[in-house]
Amino acid sequence: MYKIIIDSCGELSKEMQEDGHFENVPLTLQIGDTEIVDDKSFDQADFLKKVAESEEGPKSACPSPDAYMQAMDCDAEHIYVITLSSQLSGSYNSACLAKDLFLEDNEDKKICVIDSKSASIGESLIGLHIAACEEAGMDFETVVENVEKYIEEQHTFFVLESLETLRKAGRLSNLKAKLASTLNIKPIMGSTEEGRIQQLAQARGMNKALDRMVQSMMEVTQNCENRILAISHCNCKERALQLKEKIEKVASFKEIFIVDTAGVSSMYANDGGIIMVV
């Protein structure tokens, strides 16, 4: 038996929720004095309203080691924990501490904590890959080796509709944010090999930005027919469907699925933001 634990930055599709092998461990979001648990009770519309009204940028707190240990306390012999990039959150370190503490009293378990070096649906895709390896009958060590190679080949991209979250967080000056808004400039962002965020390009207007994002993806993606591509969107389903159409015009993937951003991903993407991982 196996279990795949994913921190709540990684969205679970409906199929993953019903599968029985997956579980989210929630991070906590903070807007001013308001704390929001990023679990099934998360209300995206209310969260985005609070973010828009706040002068401060939203913040997140990673799950405690105890929260991870509770998720590890199960019948599964093989336990995989997938976290938000260690370059963006303390979730990975918290999960590693939980693993060490849990194994003190549960030496028979095999546990692997995995730094996704990604976020959002990047974590989800890693979870699906692990499940496929387990279902194929691979032993624990082979699954771990396989998923490490998968992560090396994975790429994360996103486009922001608004730069307000970056401005409020102090990562972008007021002048640059205003200039980008005035000129309708949309940055195309991506992940580095270490799991940091970098700007790949920029475009005038969302439609051109989506085209540029697809182009960036195609430049680094091979064997599309054997890969699953995932899209998550923050309050912009039509945009996600538009992106899916653009992708299907240039490549044939094994599968493309779309989900709504959960809490932490909504914090990063902000209203109108869209994330793509393959």
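The values are calculated or read from the model by the stated rules, or taken from the named source; none is laboratory data. Here the structure is a predicted model, which means the values were calculated and not measured. Cβ placement follows ideal geometry from the backbone for every residue including glycine, while neighbour counts extend to all protein chains displayed.
Go through (1) more than 18 Å from SER265 (Cβ to Cβ); (2) in a strand (DSSP E or B) and name the single condition ALA67 misses.
Looking at each condition in turn, ALA67 falls short on (2).
Restricting to the range 1-23, and then to whatever is in a strand (DSSP E or B) and more than 18 Å from ALA119 (Cα to Cα), can you tell me which residue is nearest to the chain's Cα centre (by Cα)?
Among residues in the range 1-23 that are in a strand (DSSP E or B) and more than 18 Å from ALA119 (Cα to Cα), the one nearest to the chain's Cα centre (by Cα) is LYS3.
Name every residue in the range 15-38 that is among the charged types (D, E, K, R) and in contact (Cβ under 8 Å) with a residue 40 or more places away in the chain, in order of residue number.
Residues satisfying the conditions are ASP19, GLU23, ASP38.
Between a first residue in the range 234-250 that is closer than 18 Å to ILE121 by Cα and touching a residue at least 12 places away in the same chain (Cβ under 8 Å) and a second residue that is surrounded by 13 or more Cβ atoms within 10 Å (Cβ to Cβ) and charged (D, E, K, R), which pairs have beta carbons less than 7 Å apart while being 6 or more apart in sequence or on different chains?
Qualifying pairs under 7 Å: CYS234/ASP271; ASN235/ASP271.
Residue check: is GLN222 under 20 Å from the mean Cα position of the chain (by Cα) and modelled with pLDDT under 95?
When the stated conditions are applied, GLN222 does not pass them.
Could you tell me whether the range 116-126 includes any residue that is among the β-branched types (Val, Ile, Thr), buried (at least 16 other Cβ atoms within 10 Å of the Cβ) and either without any contact (Cβ under 8 Å) to a residue 40 or more places away in the chain or not in a strand (DSSP E or B) (or both)?
Looking only at the range 116-126, we keep the residues that are among the β-branched types (Val, Ile, Thr), and these are 121, 126.
Keeping just the survivors that are buried (at least 16 other Cβ atoms within 10 Å of the Cβ) gives 121, 126.
Okay, now just the ones that are also either without any contact (Cβ under 8 Å) to a residue 40 or more places away in the chain or not in a strand (DSSP E or B) (or both), so 121, 126.
The answer is yes; a qualifying residue exists.
Can you tell me which residue within the range 49-78, out of those that are aliphatic (A, V, I, L, M) and at pLDDT below 95, is surrounded by the fewest Cβ atoms within 10 Å (Cβ to Cβ)?
Taking the candidates together, the pick is ALA52.
Among the residues of the range 71-94, which ones are over 14 Å from the mean Cα position of the chain (by Cα) and either free of Cβ contacts under 8 Å to residues at least 40 places away in the same chain or in a loop (DSSP other than H, G, I, E, B) (or both)?
Passing the criteria: ASP73, CYS74, ASP75, ALA76, GLU77, GLY90, ASN93, SER94.
Working only within the range 16-48, note down all residues that are surrounded by fewer than 16 Cβ atoms within 10 Å (Cβ to Cβ) and within 15 Å of ASN270 (Cβ to Cβ).
If the condition is that a residue be surrounded by fewer than 16 Cβ atoms within 10 Å (Cβ to Cβ) and within 15 Å of ASN270 (Cβ to Cβ), then ALA45, ASP46 are the ones that fit.
Name the residues in the range 41-62 that are without any contact (Cβ under 8 Å) to a residue 12 or more places away in the chain and in a loop (DSSP other than H, G, I, E, B), would you?
Scanning the range 41-62 gives SER41, ASP43.
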